[in-house]
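All remarks here apply to the structure that follows.
The values are calculated or read from the model by the stated rules, or taken from the named source; none is laboratory data. Everything numeric in this text was worked out from a predicted model, so none of it was measured. Positions of Cβ are backbone-derived with ideal geometry, glycine not excepted, and every protein chain shown enters the neighbour counts. For the accessible areas, the whole protein counts, side chains as well, though only heavy atoms, and no ligand, DNA or RNA atoms are used. Shrake-Rupley method; radii C 1.70, N 1.55, O 1.52, S 1.80 Å.
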Amino acid sequence: MGLAENQLCFDLIQEWVVNNPKASICTAKGAEDFQEIAIFQDYHGLPEFRQAVARFMEKVRGDRVTFDPNRIVMSGGATGAHEMLAFCLADPGDAFLVPTPYYPGFDRDLRWRTGVQLFPVVCESSNDFKVTRKALEEAYEKAQESNIKIKRLLINNPSNPLGTLLDKDTLRDIVTFINSKNIHLVCDEIYAATVFDQPRFISVSEVVDEMIGCNQDLIHIVYSLSKDLGFPGFRVGIVYSYNDTVVDIARKMSSFGLVSTQTQHLLASMLSDEIFIEKFIAESSERLSKRQGMFTKGLAQVGISTLKSNAGLFFWMDLRRLLKEPTFDAELELWRIIIHEVKLNVSPGVSFHCSEPGWFRVC
């Protein structure tokens with residue numbers, strides 16, 4: 001329950017694999033392609049793989065945008081994709097703005113080897129932790145006062161841990177903000193296909209296409225197949241950048257974290273099966289909705305509320321009334337009881353840099 005892992009539709013994946021034995025080079029029917037796939041390939045990725053990923057990204061976004069396969073750069077999962085962009089866009093000591101609460105893995109992925117700092121944009125429960133222009137400006141000014149050089153803003157949409165989406169007006173405000181400061185925007189959209197209720201998911205790519213005067217060289221997307229398809233072990237991460245220089249440099253760096261050609265071959269075949277993909281996305285959405293509804297309604301029956309959400313593999317649970325006092329020490333004390341006595345692994349809000357004690361992520 002502390003791991004955001006999508007296991008609800010493995011039966012559909014397994015059925016497809018059984019029905020498409022030629023998709024894998026490790027089956028009797030696919031073995032004839034073994035040598036061709038096993039030898040050296042273009043380090044930019046198999047053309048059919050990049051084409052299939054671009055098409056899948058379009059499908060997930062309702063075919064409202066198009067993606068150029070030549071701008072897709074492979075990486076070892078979203079972890080590698082984030083680090084790759086950090087190396088491309090910043091020097092050691094530079095900082096990235098990140099709205100809170102945010103995925104704690106960013107502290108590892110973005111900082112350990114790059115020397116980059118993360119600077120919080122404080123979001124609050126009073127407006128359901130929404131990202132506002134006011135909060136962005138305050139964080140930027142605070143960084144300036146501390147002589148910290150801000151190089152980019154990182155947003156996670158849908159949000160981990162909130163399970164919420166950024167609406168079009170908020171995305172426009174964000175793009176306007178980064179353009180005004182001439183800093184980069186990295187949109188982590190790895191949960192794009194986990195939306196199970198209205199409103200629909202809006203990608204930054206859709207907003208950028210519509211905005212006049214937007215400097216697209218500042219816009220970058222991180223994607224992966226770890227969450228939407230439930231393949232974290234396949235280590236398929238994607239950087240999609242509108243910046244030619246970033247694409248060029250990231251491609252050189254991607255040599256250190258490529259996706260195996262065996263994996264590319266299998267996924268190119270699977271993602272190109274549009275009938276299967278449409279069925280999978282619809283069924284996954286339905287099953288996620290059912291699971292989330294069952295869980296949140298059950299909690300409501302015992303007086304525990306949750307932040308209204310419609311995406312992701314988790315929700316944001318409000319246990320503030322159960323704290324002995326409104327402090328993070330009290331939150332951790334309650335968390336230890338939940339872990340050690342109740343034996344449930346939910347994650348405390350302090351680990352997500354939440355500004356208010358008493359919130360927990362439940363997967």
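Some notes on this structure:
- Filter result for PRO199 (touching a helix residue (DSSP H, G or I) at 6+ places or on another chain (Cβ under 8 Å) and not polar (S, T, N, Q)): no
- Out of MET294, MET317, one residue alone is loosely packed, with under 15 Cβ neighbours inside 10 Å, out of contact with any Asp or Glu (no Cβ under 9 Å at 6 or more places or on another chain), hydrophobic (A, V, I, L, M, F, W, C) and within 19 Å of GLY2 (Cα to Cα). It is MET294.
- Restricted to helices (runs of 4 or more DSSP H) entirely inside the stretch 46-155, those with at least 3 residues that are open to solvent by less than 50 Å² (accessible area, probe 1.4 Å) and of a type outside the set (A, V, I, L, M, F, W, C) are 47-60, 77-89, 105-109.
- When the stretch 336-363 is filtered for residues that are crowded, with 20+ Cβ neighbours inside 10 Å and farther than 23 Å from PHE119 by Cβ, the ones remaining, listed by number, are GLY358, PHE360, VAL362.
- Just so you know, in the stretch 297-314 the residues that are touching a strand residue (DSSP E or B) at 6+ places or on another chain (Cβ under 9 Å) and part of a helix (DSSP H, G or I) include one that is most open to solvent (accessible area, probe 1.4 Å), and it is ALA300.
- Looking at PHE328, PHE276, just one residue is open to solvent by less than 70 Å² (accessible area, probe 1.4 Å) and either aliphatic (A, V, I, L, M) or under 30 Å from ALA54 (Cβ atoms) (or both), and that residue is PHE276.
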